[in-house]
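Heads up: the structure comes next, in structure tokens.
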Amino acid sequence: MSLLEIKDLTVGIKKTGEKILKEISFSLHYGEILGILGESGSGKSLTALSILRLLPPGLTYFDGEILFQGKNLLKLKEEEINQIRGKDISIIFQDPLSTLNPVLTIGEQIEEVLFYHFGLKGEKAREFIIRVFKDVGIPDPELRIKNYPHELSGGLRQRAMIAMAIACSPKILIADEPTTALDLTIQMQVLELLKTLNREKTLSIIFITHDIGILRWFATRILVFYKGQILEAAPVESLFKRPLHPYTKLLFDSYPGKNSLSYLNFFDKAVSEEALCNFYGRCPIACKKSLENAPQLIEVYPSHFVRCFLYE
């Protein structure tokens, strides 16, 4: 049984009915690191917010299920979903400085989480937070617990965010581009920390990024997003050995050292025809069948799925 299962999740603008996420389906297994790859605006972060029922104003769920340990999160009352947020499913964001409360110390913010879920406060909470700080490699935790967010470096702020996210021993951690704003050395430290937590605490991780290189080393399975759809899903070894979808191939070609110019040229192509394939207008080998039918995710190799008529 999967720890988390998303079935045909469709999210869009309530007023106009426009769909932004379209029939998103995937599962997260116990102890797995699932990577979500795609360019800006592909629906990666919105998928993360959808899981926690934190949709921005004006958006709504049109269809689908979000099953956590068999329980549909979309059917829960607000107080019930609040018991899951931060405790069973946590999230860390790209920029901790804009996420953390600037007028509260790091210790006070984590204590709020502990008090809400476990009733811990005062000295007991302080001792607990110091242990968590040590787990995530924050030096001098007795001093850092009194710091405000602006008093910490970027790397320490991100570690503090991770400490807050894992304080209640969640089963799932959603990491939404947590290393983008960090320099390369700190990036590797944060990724090593997440890998250690995954290994030692059997923490399941959904890792969202546009960095192909990180996922090759970090993830066990990858979903490729484009315009609110999953175009390809595969174990990391299979995806890098034989990317199937034209978009995935172009993404890989755009990596430094590859022929990035061809990738950019394809993305400049103008199209006048309406197609049911999301990628038709930018596809270098677009087929006419896409004008009449929408491609479905099909399994081409074991556990390797692609949304493309070329493989039917």
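The values are calculated or read from the model by the stated rules, or taken from the named source; none is laboratory data. The structure presented is a predicted model; accordingly, all values stated were derived computationally and were not measured. Please note: Cβ atoms are built from the backbone with ideal geometry, for glycine as well, and neighbour counts cover all protein chains shown.
Worth pointing out:
- Pro295 vs. criteria modelled with pLDDT of 90 or more, of a type outside the set (Lys, Arg) and either over 23 Å from the mean Cα position of the chain (by Cα) or assigned to a loop (DSSP other than H, G, I, E, B) (or both): yes
- Residues (surrounded by 15 or more Cβ atoms within 10 Å (Cβ to Cβ) and of a type in the set (D, E, K, R)) located in region 134-151: Asp135, Arg144
- Test: residue in region 72-80 that is on the phi > 0 side of the Ramachandran plot and at pLDDT below 95: no
- Residue match in region 158-165 (condition: in a helix (DSSP H, G or I), hydrophobic (A, V, I, L, M, F, W, C), touching a helix residue (DSSP H, G or I) at 6+ places or on another chain (Cβ under 7 Å) and without any contact (Cβ under 8 Å) to a residue 40 or more places away in the chain): no
Residue by residue, here is whether (1) assigned to a strand (DSSP E or B); (2) of a type in the set (Gly, Ala, Ser) holds:
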position	(1), (2)
Ile6	yes, no
Thr10	yes, no
Leu21	yes, no
Gly41	no, yes
Ser90	yes, yes
Gln94	no, no
Leu104	no, no
Gln109	no, no
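- Close pairs (9 angstrom Cβ cut-off, 6 or more residues apart or separate chains): part of a helix (DSSP H, G or I) in region 180-191, at pLDDT below 80 anywhere: Gln187/Thr180; Gln189/Leu182; Val190/Leu182
- Qualifying positions in region 152-199 - modelled with pLDDT of 85 or more, surrounded by fewer than 19 Cβ atoms within 10 Å (Cβ to Cβ) and charged (D, E, K, R): Glu192, Lys195, Arg199
- Check on Ser25, part of a loop (DSSP other than H, G, I, E, B), in contact with a Gly (Cβ under 9 Å, 6 or more places away or on another chain) and surrounded by 13 or more Cβ atoms within 10 Å (Cβ to Cβ): no
- Of the residues making up region 35-47, those that are within 10 Å of Ile174 (Cβ to Cβ) and modelled with pLDDT of 95 or more are Ile36, Thr47.
- Some residue of region 239-251 being of a type in the set (D, E, K, R), more than 27 Å from Ala294 (Cα to Cα) and out of contact with any Phe, Trp or Tyr (no Cβ under 7 Å at 6 or more places or on another chain): no
- Pair list, Cβ < 8 Å and 6+ apart or interchain, from region 295-312 residues that are at negative phi and surrounded by 14 or more Cβ atoms within 10 Å (Cβ to Cβ) to residues that are of a type in the set (D, E, K, R) and in a helix (DSSP H, G or I): Phe309/Lys289
- Residues in region 66-81 that are in contact (Cβ under 8 Å) with a residue 24 or more places away in the chain and either surrounded by fewer than 16 Cβ atoms within 10 Å (Cβ to Cβ) or part of a helix (DSSP H, G or I) (or both): Gln69, Gly70, Ile81.
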